[in-house]
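The values are calculated or read from the model by the stated rules, or taken from the named source; none is laboratory data. Computed from a predicted model, the values in this text were never measured in an experiment. Cβ sites come from the backbone with ideal geometry, for glycine too, and all protein chains shown count toward neighbours. Just so you know, the surface numbers come from the protein's heavy atoms only, side chains and all, with ligands and any DNA or RNA stripped out. Shrake-Rupley method; radii C 1.70, N 1.55, O 1.52, S 1.80 Å.
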Amino acid sequence: MAGGPAGDVSRVEAPVTVKAYLMCVFAAFGGIFFGYDSGYISGVMGMSSFIEMIEGPGATTLTSSNKSLITSILSAGTFFGALIAGDIADWIGRRITVIIGCAIFIVGVILQVAANNLGLIVAGRLVAGWGVGFVSAIIILYMSEIAPRKVRGAIVSGYQFCICVGLLLASCVNYGTQERTDTSAYRIPIGLQILWALILGGGLFFLPESPRYFVRKGQLDDAASALASLRDQPLESSYIQDELAEIIANNEFEMAAVPQGSYLNAWHNCFKGSLSNPASYLRRTILGTSMQMMQQWTGVNFVFYFGTTFFMQLGTIENPFLISMITTLVNVCTTPISFWTMERVGRRALLIWGAFGMCVCQFIVAIIGTVRPDDTNAVKAMIAFICIYIAFFATTWGPGAWVVIGEIFPLPMRAKGVALSTASNWLWNCIIAVITPYMVDEDKGNLGAKVFFIWGSLCACCFVYAYLLVPETKGLTLEQVDQMLVEATPRTSAKWVPHTTFAAEMGMTEKAKVGHLENPSGDESA
């Protein structure tokens, strides 16, 4: 089956169809897990029935240590779940790994719903965290590998949008149950999470596996079938043959450059290469893990984890639950803007200017809160700038960090690279969840609004980081990103254009039918 002209970069992917687009969009539903689970705990920790269940009858607030433990333990579980998921995704596939994560998550939710003490709540959130780790790491990998290049940024941004929807749903449910005087006040928000797991896990049974996973395993006929389904093209289509040849050629090139060897050597490969080489495996691993660290440094989870209790401490807000719901609504309404800007403006520019905008807003909040802490109008201004700050995050760093980590890793290390990056997100998520109560609670650091000086300073670091280190990956296939990292620096990457293909360079442009391609045995190391 003859392909397109040798090295024709315009034929490395089929045109986008509605069916192909919708199949990819559904996978973004996994963001509901992350968002809802991050959002419900903020309101639940302010409910009197939950406080009394943890602290005992008559208690009115959670201790800083218990608040820190309950919030952070999920992130700790997710950190380890994300690391393990990278191996499982390479062994049994991306899709099945996410389904397993849904099942583990449901077990954790059941434990939390049944809890009548701190121990079972902590255990349930730890188990649920393992499931969220599986889903959050591999759903990004899965979406990046199946999405057409022209809409990949928008589709992965859809994951962040689903996170925002999850946060909003959690705020709405908390708002609706906060007045209940029995344990249903917190059991309903916790138990509702099972629904998201059933929808995602059930739906993935009907989606194809990632064709890049099949190429990695050497199952080329399966890869062709999956690719044809994803692109809504016949198996004999020259588009399918050309794209598959490019994926195979890129994988063979990377495998030749960095042989995988044993299990431990495969992990060791993630840290091979020179720091001065933007295309080295070490540099990509550092970029992915630091990107997720920086996303957490923006401080947005302070608002979503501790927003309700923080607004309570200000003492000038009548309904902190309503304000928390408003902030999540801003998050939801502004995130879809990134569907367009991610492909039009690009990843790099959005991350640079997003960090700048967040920095300005946070310093304004900190200054207002320090100079006029008891002024009702000043507090309203603080809330307004917090909402603007969230809008900057939702349109830039929120989706942008996930998009970039799904694009920068070569196929032989992609699952492990995305897993390490996601684990970094959850590690820093956990660290921030642990230390924040000690920074802002009245009986501890009591920083109050001054905490935004810290987040603003960290956003300034994000600005410098994005300018110096983040490459532009807009409009490129995952294989072309590999070429770009070799031939361009982060600051020149936006001007780079593909000029050849891996298939052309490796003599694979004249292809036989997929069933006769080399290495059909499934030998991963071939």
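Can you find, within the stretch 412-457, the residue that is nearest to VAL135 (Cα to Cα) among those that are buried (at least 24 other Cβ atoms within 10 Å of the Cβ) and β-branched (Val, Ile, Thr)?
Of everything passing the filter in the stretch 412-457, THR422 is nearest to VAL135 (Cα to Cα).
Could you grab me the full set of residues in the stretch 55-74 that are in a loop (DSSP other than H, G, I, E, B) and either crowded, with 20+ Cβ neighbours inside 10 Å or charged (D, E, K, R) (or both)?
The initial filter retains those residues of the stretch 55-74 that are in a loop (DSSP other than H, G, I, E, B), namely 56-63.
Across the stretch 55-74, the qualifying residue is only LEU62.
Is at least one residue of the stretch 395-405 polar (S, T, N, Q), without any contact (Cβ under 8 Å) to a residue 12 or more places away in the chain and more than 21 Å from GLY273 (Cα to Cα)?
No, every residue in the stretch 395-405 fails to be polar (S, T, N, Q), without any contact (Cβ under 8 Å) to a residue 12 or more places away in the chain and more than 21 Å from GLY273 (Cα to Cα).
Would you mind telling me which numbered condition in (1) open to solvent by 30 Å² or more (accessible area, probe 1.4 Å); (2) closer than 26 Å to PHE310 by Cβ; (3) modelled with pLDDT under 90 VAL332 fails?
The number of the failed condition is (1).
So that you can scan it fast, the table gives a plain yes or no per residue for (1) in a helix (DSSP H, G or I); (2) under 26 Å from TRP353 (Cα atoms); (3) among the charged types (D, E, K, R); (4) modelled with pLDDT of 90 or more:
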site	(1), (2), (3), (4)
GLY445	no, no, no, no
ILE454	yes, yes, no, yes
SER457	yes, yes, no, yes
GLU472	no, yes, yes, yes
ALA494	yes, yes, no, no
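State whether one or more residues within the stretch 282-300 are modelled with pLDDT under 85 and open to solvent by less than 60 Å² (accessible area, probe 1.4 Å). Even if it seems obvious, please write down each step before you answer.
Kept after step one, since they are modelled with pLDDT under 85, are these residues of the stretch 282-300: none.
No: zero hits.
GLU236 passes all but one of (1) charged (D, E, K, R); (2) open to solvent by 60 Å² or more (accessible area, probe 1.4 Å); (3) within 17 Å of LEU411 (Cα to Cα); which number fails?
(3)
Here are LEU195, LEU227: which of them is part of a helix (DSSP H, G or I) and either open to solvent by 50 Å² or more (accessible area, probe 1.4 Å) or in contact with a Ser or Thr (Cβ under 7 Å, 6 or more places away or on another chain) (or both)?
When all the criteria are applied, what remains is LEU195.
Considering only the stretch 361-376, state which residues are modelled with pLDDT of 85 or more and open to solvent by 60 Å² or more (accessible area, probe 1.4 Å).
PHE363, ILE367, VAL371
When VAL379 is evaluated against the numbered criteria (1) open to solvent by 20 Å² or more (accessible area, probe 1.4 Å); (2) touching a residue at least 24 places away in the same chain (Cβ under 8 Å), which criterion, by number, is the only one it fails?
Among (1) open to solvent by 20 Å² or more (accessible area, probe 1.4 Å); (2) touching a residue at least 24 places away in the same chain (Cβ under 8 Å), VAL379 violates only (1).
Please go through the stretch 209-223 and give me each residue that is open to solvent by 20 Å² or more (accessible area, probe 1.4 Å) and either touching a helix residue (DSSP H, G or I) at 6+ places or on another chain (Cβ under 6 Å) or of a type in the set (Val, Ile, Thr) (or both), ordered by number.
The first filter runs over the stretch 209-223 and keeps only residues open to solvent by 20 Å² or more (accessible area, probe 1.4 Å), leaving 214, 217, 219, 221-222.
Selection gives PHE214, ASP221, ASP222.
If I ask for residues that are touching a residue at least 60 places away in the same chain (Cβ under 8 Å) and within 22 Å of the chain's Cα centre (by Cα), which ones from the stretch 41-72 would you list?
Scanning the stretch 41-72 gives ILE41, SER42, THR71, SER72.
Kindly establish whether LEU200 is surrounded by 17 or more Cβ atoms within 10 Å (Cβ to Cβ), assigned to a loop (DSSP other than H, G, I, E, B) and in contact (Cβ under 8 Å) with a residue 40 or more places away in the chain.
Values: surrounded by 17 or more Cβ atoms within 10 Å (Cβ to Cβ): yes; assigned to a loop (DSSP other than H, G, I, E, B): no; in contact (Cβ under 8 Å) with a residue 40 or more places away in the chain: yes.
The answer is no for LEU200.
Return yes when ILE88 is touching a residue at least 40 places away in the same chain (Cβ under 8 Å), in contact with a Lys or Arg (Cβ under 6 Å, 6 or more places away or on another chain) and not acidic (Asp, Glu) and no when it is not.
Here the answer is no, as ILE88 does not meet what is asked.
Taking PHE80, is it part of a helix (DSSP H, G or I), at pLDDT 90 or above and buried (at least 23 other Cβ atoms within 10 Å of the Cβ)? Explain how you work it out, then say what you get.
Numbers: part of a helix (DSSP H, G or I): yes; at pLDDT 90 or above: yes; buried (at least 23 other Cβ atoms within 10 Å of the Cβ): no.
No, not satisfied.
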